[in-house]
1. What do you reckon, is Val186 in contact with a helix residue (DSSP H, G or I) (Cβ under 7 Å, 6 or more places away or on another chain) and over 30 Å from Gly574 (Cβ atoms)?
2. Evaluate the range 3-16: report whether one residue or more is of a type outside the set (A, V, I, L, M, F, W, C), under 23 Å from Leu571 (Cβ atoms) and part of a loop (DSSP other than H, G, I, E, B).
3. So Glu514 clears everything in (1) open to solvent by less than 50 Å² (accessible area, probe 1.4 Å); (2) in contact with a Phe, Trp or Tyr (Cβ under 8 Å, 6 or more places away or on another chain) except one condition, right? Which one?
4. Scan the strands (runs of 3 or more DSSP E) fully inside the range 56-139 and keep the ones with 3 or more residues being open to solvent by 30 Å² or more (accessible area, probe 1.4 Å), modelled with pLDDT of 65 or more and under 25 Å from Gly32 (Cβ atoms).
5. Being closer than 30 Å to Leu301 by Cα, touching a Ser or Thr at 6+ places or on another chain (Cβ under 7 Å) and hydroxyl-bearing (Ser, Thr, Tyr) is true for just one of Tyr477, Tyr482. Which residue is that?
6. Could you check the range 287-322 and list, in sequence order, the residues that are more than 30 Å from Gln227 (Cβ to Cβ) and open to solvent by 80 Å² or more (accessible area, probe 1.4 Å)?
Amino acid sequence: MSAHLSYGRVNLNILREAARKELREFLDKCAGSKAIVWDEYLTGPFGLIAQYSLLKEHEVEKMFTLKGGRLPAADVKNIIFFVRPRLELMDIIAENVIRSASQGEVREEHKLGSLRNVTISIRSLVVNRVDFLAFMCIVMNLSDQECYLESDQTSLYHTAKGLMTLQALYGTIPQIFGKGECARHVANMMLRMKREFAGSQTQILPVFDSLLLLDRNIDLLTPLATQLTYEDNLRGLCRFVYGVLDLCYVKLPPEKFAAQKKQVEVGKDLPTEPKKMQLNSAEELYAEIRDKNFNAIGAALSKKAKIISAAFEERHNAKTVGEIKQFVSQLPHMQAARSSLANHTSIAELIKDITTSEAFFDNLTVEQEFMTGVDTDKVNTYIEDCIAQKDPLIKILRLVCMQSVCNNGLKQKILDYYKREILQTYGYEHMLTLNNLEKTGLLKPQTSTRNNYPTIRKTLKLWMEDANEQNPNDISYVYSGYAPLSIRLTQVLARPGWRSIEEVLKMLPGPHFEERQQLPAGLHKKRQQGENRTTLVFFLGGVTYAEIAALRFLSQMEDGGTEYIIATTKLINGTSWIKSLMDRPEAP
C-alpha cells in the first residue's frame, strides 16, 4: 500500500490517522500488557489502518483468532476482543470468559465493536484503490433485518453520526441528495445533529461538493444479478471453494499455483495449504483488470504478457555499463509483474471453468430474460427444473426474487406455487425465510395490474443490447447488458439532474429529496475551470463490486465532470444478501 492515500481532492490519510488515533487511545485506556482476540473477519480491515508494530508499541503482546472454548494461555493483564456486533460472536465471547473463569484465570476483558459506541473512524476501513477509493463500514453493519424486518434504526443513527465525523475531518458537505426511506432518516438525523452542534463547526474548506444517500431497497435487482467483473468472479470463486470471504485477502486452490512440473521432477508433493493473496490496487495488474468484464480478461492478460516479455528482451539491447545497470535496477519490478501475471492467469483459468459451464450459462440466460421482461408473468420452467433437481436453495430464491422484482410482484397463484414447491422440497422450516423476503420487498404478490419496471428500464436505459465488454462505453458492461439502476440514478443526478426523471423517481420506493447545508463564513469557494466535482455516494444496506466498478468507470468517463467516492454499510452480492435474510442459512 502506498504511504499516501489520495484521490483527487480527497486525502484518505486524514481518515486513517483519525482511526489510528482513536485506536491508540482505546489501547492506552487498558493499562498494562494486552492480548487481542480477533474476529477473523476484521483482521484484514484493521490491518489497513494499523500494522502489528503499532499494536506492539501499545503493549499488545499476543494475538489470537476468536473461537469457541476457553481463552488461549497468555500471561497478560488485559484481553481485548475486536469483533463485529453479532449475537453469535457475543455467545463465543461469553463462552471464552466463562470457561477461563472456571479455570481460575482472572483478567480484565474489554470489547471493541460489540456495543456500537465507537465512531465511524474506528469502524471504517480505508481501501487503497489507487484510481478509486471506497469507505466500507465493517463493524457498523447495517442489515436488512434491522431496518426492514425489525424496524430498528440504530444503525441509521450510527451512519449519520459517522457522516458527521467525516464532515469534521473533511468539511461540511454543502448539498445532500437522497432516495429512499432510510436515506431520508439519515439525512434528518444529520441535520438535527448539525443544529445541536451549531457552534462547534470546524473551519475546514469542504472537500466534498455533495453527498448522495441511496437506500438499497430502491434497487433490489442489481444485487440479485450475477456480477460479471473479474473482481467479483475472483471473490465468488473463493466463496465457492472455501466458503469464506475476506475483504482484503482471498484463498485459492494451491495446486494451480505450484510449479507443478518442477515438483514432479524432484518428487515433491503438491502443496495442500490454500494460496493466500492480498487484494488491493497496489498491485499494478490487479488494478488494471479488477473492473473488467470477465470476457475481456483473456485479451488483457495476453496484452500484458507481451509487454512483460518485451521488457525482458530489452536485456539484449543493453550494451554499456549504464544500460546494464538500468536494466538490473528494473529487474525486481519486472519479476514481480511476471509473478503477478502468472497468478492472475491461473485465477482466470479457474474462473473460466465455472463461467463456461452449461449450468452457469443457463442461469445467466434466465437472469437476462427476466431483466429484459421475457416471461416474467408465468412460472419459469428453469426454476421448476432447478427445484426438482434440488439445486441450492439460495440459487432458487435469487431467481424467484429476481422474477418478482422485474414483474413488480408475482401473481398470487404463481407466488403460492413457488412457495409450495420450495417448502415441499427444502422443508417447511423455510417459511420464515420466505416471510423475510416478503417483508423486504424482494418477494411479493402483485397488487396492481401495472408493472412499472418496463417503464423504468426504458427511461433509464437499464438494458443495452450492444454493451461492449471489451472496450466499454457504458456502465452496462459490468453485467453484459444491464446497467445498475443505482448507478444510473447517480449518473443522471450529475447530468442532467433528477428533475428530468421525476416520474420515474416516483415509481421507486421512498421519497427523493435535496437538502442544503449552510457553510461557515469564508468557506465558499469558486470552482476553477475544468475542476471536477467530488461526490460521496453512500449506499445504505450494501453495495456490490459491480456497482463499485461501474462508478469507477463513470468517474473515468466523466471528462471534467464528477469524481465519486463510495461509502457503504457493507459489501454484498446476491448470495450473501439472500443468506442474511434466511432464517436457517445453508452451510457455505
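The values are calculated or read from the model by the stated rules, or taken from the named source; none is laboratory data. Predicted model, so just to flag it, every value in this text is computed and none were measured. All Cβ positions, glycine included, derive from the backbone under ideal geometry; neighbour counts span all protein chains shown. Heads up: the accessible areas ignore ligands, DNA and RNA and are worked out on the full protein's heavy atoms, side chains in. Shrake-Rupley method; radii C 1.70, N 1.55, O 1.52, S 1.80 Å.
1. Working: in contact with a helix residue (DSSP H, G or I) (Cβ under 7 Å, 6 or more places away or on another chain): yes; over 30 Å from Gly574 (Cβ atoms): no.
So Val186 fails the test.
2. There is at least one residue in the range 3-16 that is of a type outside the set (A, V, I, L, M, F, W, C), under 23 Å from Leu571 (Cβ atoms) and part of a loop (DSSP other than H, G, I, E, B).
3. Tallying (1) open to solvent by less than 50 Å² (accessible area, probe 1.4 Å); (2) in contact with a Phe, Trp or Tyr (Cβ under 8 Å, 6 or more places away or on another chain), Glu514 fails exactly one: (1).
4. Working: elements: 60-65, 78-82, 108-112, 124-127, 134-137.
Passing ranges, in order: 60-65.
5. Details: Tyr477 fails: touching a Ser or Thr at 6+ places or on another chain (Cβ under 7 Å).
That would be Tyr482, the only listed residue that is closer than 30 Å to Leu301 by Cα, touching a Ser or Thr at 6+ places or on another chain (Cβ under 7 Å) and hydroxyl-bearing (Ser, Thr, Tyr).
6. If we filter the range 287-322 for residues that are more than 30 Å from Gln227 (Cβ to Cβ), which is where we start, we get 309-322.
Within the range 287-322, Glu313, Glu314, Arg315, His316, Asn317, Lys319, Val321 qualify.
Every residue, every condition in (1) under 20 Å from Gly574 (Cα atoms); (2) outside any loop (DSSP other than H, G, I, E, B), yes or no:
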residue	(1), (2)
Ala282	no, no
Asn295	no, yes
Glu313	no, yes
Gln326	no, yes
Gln330	no, yes
Gln335	no, yes
Ile347	no, yes
Thr365	yes, yes
Tyr382	yes, yes
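Each row is one residue, and each column tells you yes or no for (1) over 19 Å from Glu547 (Cα atoms); (2) at pLDDT 90 or above; (3) within 21 Å of the chain's Cα centre (by Cα); (4) of a type in the set (D, E, K, R).
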| position | (1), (2), (3), (4) |
| --- | --- |
| Phe208 | yes, yes, no, no |
| Leu211 | no, yes, yes, no |
| Leu224 | no, yes, yes, no |
| Cys248 | no, no, yes, no |
| Pro274 | yes, no, no, no |
| Asn280 | no, no, yes, no |
| Asp291 | no, yes, yes, yes |
| Ala296 | no, yes, no, no |
| Ala300 | yes, yes, no, no |
